[in-house]
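The values are calculated or read from the model by the stated rules, or taken from the named source; none is laboratory data. Worth saying up front: this structure is predicted, and the values here are computed from it rather than measured. Backbone-built Cβ (ideal geometry, glycine too); neighbour counts: all protein chains shown. Accessible surface areas use protein heavy atoms only, side chains included; no ligands, DNA or RNA. Shrake-Rupley method; radii C 1.70, N 1.55, O 1.52, S 1.80 Å.
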Amino acid sequence: MGARLPRYDGIEHVTGRTTYVDDVRVPGTLWAKALRSPLHSAAITSLDASKAEAMPGVHAVITHADVPLLEYGHLSALGIPADEPLLAKDEVRYKGQPIAVVAAEDEETAMAAVDAIEIDYEERTPLFDIRKAFDSDAPKVHQWGNWYPHFEGEMDRRQIRKGSVEDAFEQADAIVQGVYRPAAIEHVPLETQVALVVPEASGRLTIYSCTQALYFSMGVVAAHLQVPLNKLKVVGGTVGGGFGGKVDTASETMCALLARKSGRPVKWRWTREEEFLCSSTRAPWHMEIADAVTKDGWILGRKMLTLHDSGAYSRFSPYGLTKHSFHHTGAYTIPNLSFDGYVVFTNRVPTTAMRGFGVTSVSFATETHLSRIADVLGLDPYEVRLKNANRIGDTSPNRIVYTDPSTVSVVKALAGGMEVELAPEYAAMSRDPREGDLLPEHLVSQTANPEDH
């Protein structure tokens, strides 16, 4: 503490001596390549890999029939149902979805084998706009329908109700509305998805992985292979950029299946094109906010609708939307809330975690909306934030009592950094519970007995 120490891996990084998964060399390693769907949505009417399997230099081809447990959800351990096949079976739901994977002596042979796989499709109309997913004539994306139906109590949305939002809107001097739609973002790691699996004489598999979550990925591979964890040895290491996208365990299980089938080490290194077209992204979001406000800047209540684009399968999206819902007021206390959030399926690549998963998007929306409120009311945006800032004793949307909020100190620091002079009553604010003139009637009961709200 208090000392400037060099990073433990800094010298290796700057001198280029850091070992990544792709730097691991094992004699006899085969190269993997995937047959991926060229269509966004289609039924698979026939699939024949026999010509690829018969090619010289090809040692293994896997399809859905080779996967012991085809469907395993990324959050199955938390009770979230599985819905995504490791390799497509009867249909494809996004462009780039893997259908078969080949292991061959070199990349060129593997690519030629992929081209030799015979497959026929019956193309279907895809759905890309989450706003249209609820229309009666919308294409059906998922076997569950167009939105996720398995929240607690088999609810089809994440729902929060707190206080009386109807009363808040009746008492308001103004209603400020906004729609916020951050787009999908590709992680763009310098290191693409890559895995190397080595079959040991003992029957154990050694997996070199770029995963961000070593034991999580070990569990995913073990589940697909239906083997105990002690049959796997996962070697992590330096991740060449992840940001959330390398929790997906995108290549390890396929390499493991190919290694078991061929008896040879197998490496799969995604090309940059694959990384851009087929890897998960940060999800696009659609957020509608309507706030009931007083003319002096108090936020009395909020109505919010969120649509989270999950892509073709659920993956981590129910978890991300849950985090999102608990943070939908941002760093501010709003006593009356009505929130409905949906995980919506589209024919896009499945989306995943990325830096502040579920929270970054709603932070963008809430902060933009706070500035909009200030603009509509003609008030100082820093003072609107300080007035509504979380204080000790206030409660979150899901009724957690704040004991250590930092909103006031952060906003005051921002104002100081921007050389904004705050009015004395705002400059004197702290995170302590509100008293006197800074405790409006609509917050009295919440602060006194938060469990009732």
- Note on the structure: Restricting to lysines and to Cα separations under 25 Å from K246, and discarding same-chain partners fewer than 8 apart, the set is K33, K89, K95, K231, K233, K267, K323
- Could you please state how large a percent of the accessible area of segment 269-384 is carbon and sulfur, counting protein chains only and using a 1.4 Å probe? 56 percent
- Report the GluC sites (Glu not before Pro) located in segment 324-427 that are in a DSSP loop and have at most 13 other Cβ atoms inside 10 Å of their Cβ, or state none. E419, E421
- Item | Cα gyration tensor of segment 35-94 - equivalent ellipsoid semi-axes, whole Å, descending | 26, 16, 9
- Can you give the Rg to Rh ratio for segment 291-417, taking only C-alpha atoms and Rh from Kirkwood? 1.01
- Item | Counting all C-alpha pairs of segment 108-175, share separated by more than 15 Å (%) | 75 percent
- Query: So what is the relative contact order for segment 101-226, in percent, with contacts set as C-alpha pairs under 8 Å and at least six apart?
  - Reply: 8 percent
- Query: Any idea what the alpha-carbon Rg over 2.2 N^0.38 Å comes to for segment 64-199?
  - Reply: 1.55
- Taking the Cα centre of the chain as the origin and placing charges on Cβ (Lys, Arg +1; Asp, Glu -1), which of C210, T329, L300 is farthest toward the positive end of the dipole? C210
- Item | Antiparallel DSSP beta bridges within the chain, as percent of all bridges there, nearest 5 | 75 percent
- Message: Give me the tail of P(r) for segment 1-101 as a percent: Cα-Cα pairs with distance above 22 Å.
- Response: 56 percent
- So what's the angle, to the nearest 10 degrees on a 0 to 90 scale, between helix 214-225 and the longest Cα principal axis of the chain? 50 degrees
- Can you give the longest stretch of the chain with no exposed loop site, where a site means trypsin sites (Lys or Arg not before Pro) in a DSSP loop (not H, G, I, E or B) with at most 12 other C-beta atoms within 10 Å? 26-294
- Note on the structure: For the pair A184 and R399, the simple spin-label estimate (label points 7 Å beyond Cα toward Cβ) gives in nm 3.8 nm
- Item | Nearest 10 degrees, 0 to 90: helix 360-377 Cα axis against the chain principal axis | 30 degrees
- Cubic angstrom per residue, convex hull over Cα atoms of segment 221-321: 192 Å³
- Can you tell me the equivalent ellipsoid semi-axes for segment 162-273? Use √(5λ) from the Cα gyration tensor, largest first, whole Å. 45, 18, 11
- What does the charge dipole of the chain about its Cα centre add up to, to the nearest 20 debye, if the Cβ of each Lys and Arg holds +1 and the Cβ of each Asp and Glu holds -1? 1120 debye
- Determine the relative contact order of the chain: mean sequence separation of Cα pairs under 8 Å and six or more apart, normalised by residue count, in whole percent. 17 percent
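Give me the percent of the accessible area of segment 64-177 that comes from carbon and sulfur atoms, probe 1.4 Å, all protein chains in place. Each step should come with its number before you reach the end.
Working: 2630 of 5870 Å².
The value for segment 64-177 is 45 percent carbon and sulfur by accessible area.
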- For the chain, the per residue accessible area (1.4 Å probe, Å²) is 45 Å²
- Nearest-ten-degree value, helix 407-417 long axis tilted from longest Cα axis of the chain: 90 degrees
- All-pairs alpha carbon distance profile, the chain, 10 Å steps from 0, percent: 4, 18, 24, 20, 16, 11, 5, 1, 0
